[in-house]
Amino acid sequence: MPRISIVFAAPLLLASCGDAVLLANQTKTVAAPREAVFAKMFGDDGAFAGLPLVTNGGSDRLYELVVEKSDPMWAQIAPKQRPDAYKVKIAVQMDIPREAHMIYSVDDGALATGLKFNFEELAPDRTRVTFTIDELTGDDTDGLAVNTGKLRGIARDALRKLDAFDAAKDAV
């Protein structure tokens, strides 16, 4: 069941409308230790829960879901603008508690985009979280653009978890 929810989220990363330039970086500073902030956003009930764990090196983890053309879920995840595509990969690379990076890749990187969250410790009780969207890269990206509304939704849902912490000012 979790695999299905991830499959439904993946197409949100690619669509035929929008422009990646319109989505600016989002930053929020909270009064909490970096480890607590990371755990709140990407703990067991985090945005990427449900993806299969491929490697676990302690603080370095890689979660990955690969859907090939022969998979019954292909129609739900394949980019409509690339009917000749053969594989879609959704990967989440985590460097706990410093970074979480979601990557959406078609045909082994022929087309790729992603979401990145960085966690910077400003003080033991203050953390800056920065969210960015990777540029759409690859061959034949004409007609494909990141659907910024959907990406903003994914980012907003993750960043909304920061509301559990008090806001803090950045160091001057």
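The values are calculated or read from the model by the stated rules, or taken from the named source; none is laboratory data. In this text, all values refer to a predicted model and were calculated from it rather than measured experimentally. Note: ideal-geometry Cβ built from the backbone for every residue, glycine included; neighbour counts use all protein chains shown. SASA here: full protein model, heavy atoms, side chains in, ligands and nucleic acids out. Shrake-Rupley method; radii C 1.70, N 1.55, O 1.52, S 1.80 Å.
Side notes on the structure shown:
- Among residues of the stretch 51-79 being under 13 Å from residue 90 (Cβ atoms) and in a loop (DSSP other than H, G, I, E, B), the one that is modelled with the highest pLDDT is 71.
- Only a single item in (1) free of Cβ contacts under 8 Å to residues at least 60 places away in the same chain; (2) surrounded by 18 or more Cβ atoms within 10 Å (Cβ to Cβ); (3) over 30 Å from residue 170 (Cα atoms) is not met by residue 61, and it is number (3).
- Residue 56 being in contact (Cβ under 8 Å) with a residue 12 or more places away in the chain, among the polar types (S, T, N, Q) and open to solvent by 80 Å² or more (accessible area, probe 1.4 Å): no
- The combined condition, being modelled with pLDDT under 65 and loosely packed, with under 13 Cβ neighbours inside 10 Å, is fulfilled by residue 24.
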